[in-house]
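Visitor: Encoded as structure tokens, here's the structure I'll be asking about.
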Amino acid sequence: MAENIVTKLEVKSHDTPDERRTPERTTIEVNTLGEYSVGRFTFEPGWRWSDCIKPIVETDSCQNNHVGYCISGTLEVQTDAGDRAIIKAGDSYTIPPGHDAYVVGDHNFVSLELLSAPVYAVHDHLQRPRLR
């Protein structure tokens with residue numbers, strides 16, 4: 001495993017993020033801190049990856065790797081292989097490429113994303129450099 005070294009003290013608020021993307025029923029707020037990016041993802045009730053993000057990225061399923069922490073709400077994820085998981089408030093998660101997901105219930109799903117934030121819901125995400 002590569003060694004990660006932080007060389008600068010930085011604090012940024014997701015209330016005024018470096019970048020904000022707002023696809024349908026989605027808010028993605030990304031802060032870049034040195035070589036790292038942290039995203040706050042908010043998915044509204046009725047959000048489904050295949051309805052809200054697929055038209056932007058034009059892939060059959062989400063091809064991002066996800067590592068994150070759920071702050072509130074509930075999300076159900078199904079992989080292309082048929083595995084399912086429910087992510088709820090207080091859960092940390094990893095999701096491999098090849099999946100669909102949807103918000104369960106009538107509350108926003110809010111999470112902190114530690115891996116996919118710079119490229120999530122970006123059409124040319126394969127061309128963008130990946131930050132840690």
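Visitor: Testing PRO129 on (1) at pLDDT 95 or above; (2) over 10 Å from ASN64 (Cβ atoms), one condition comes back false. Which one is that?
Guide: Condition not satisfied by PRO129: (1).
Visitor: For ILE56, are the conditions met, namely being outside any strand (DSSP E or B) and either within 13 Å of LEU112 (Cα to Cα) or of a type in the set (A, V, I, L, M) (or both)?
Guide: It is true that ILE56 is outside any strand (DSSP E or B) and either within 13 Å of LEU112 (Cα to Cα) or of a type in the set (A, V, I, L, M) (or both).
Visitor: Let me ask something additional. For the stretch 89-126, how many residues are touching a residue at least 40 places away in the same chain (Cβ under 8 Å) and either in a strand (DSSP E or B) or surrounded by 14 or more Cβ atoms within 10 Å (Cβ to Cβ) (or both)?
Guide: Residues meeting the conditions: 21.
Visitor: Within 16 Å of the chain's Cα centre (by Cα) and loosely packed, with under 13 Cβ neighbours inside 10 Å: which single residue out of ILE56, ILE86 fits that description?
Guide: ILE86
Visitor: With LEU33, LEU75 as the choices, which residue is hydrophobic (A, V, I, L, M, F, W, C) and buried (at least 17 other Cβ atoms within 10 Å of the Cβ)?
Guide: Residue meeting the stated conditions: LEU75.
Visitor: May I pose another question? Scan the stretch 97-126 for residues that are among the polar types (S, T, N, Q) and within 8 Å of the chain's Cα centre (by Cα) and report the count.
Guide: Going through the stretch 97-126 one residue at a time, the tally reaches 2.
Visitor: Among the numbered criteria (1) assigned to a loop (DSSP other than H, G, I, E, B); (2) touching a Gly at 6+ places or on another chain (Cβ under 9 Å); (3) surrounded by 19 or more Cβ atoms within 10 Å (Cβ to Cβ), which single criterion is violated by ASN64?
Guide: For ASN64, the failing item is (2).
Visitor: So, one more: Kindly indicate which of VAL57, VAL67, VAL77 is aliphatic (A, V, I, L, M) and farther than 21 Å from ASN108 by Cβ.
Guide: Just a single option satisfies the conditions, and that option is VAL57.
The values are calculated or read from the model by the stated rules, or taken from the named source; none is laboratory data. Remember, predicted model here, so these are calculated numbers, not experimental data. Methodologically, a virtual Cβ is constructed for each residue, glycine included, from the backbone with ideal geometry; neighbour enumeration extends over all protein chains shown.
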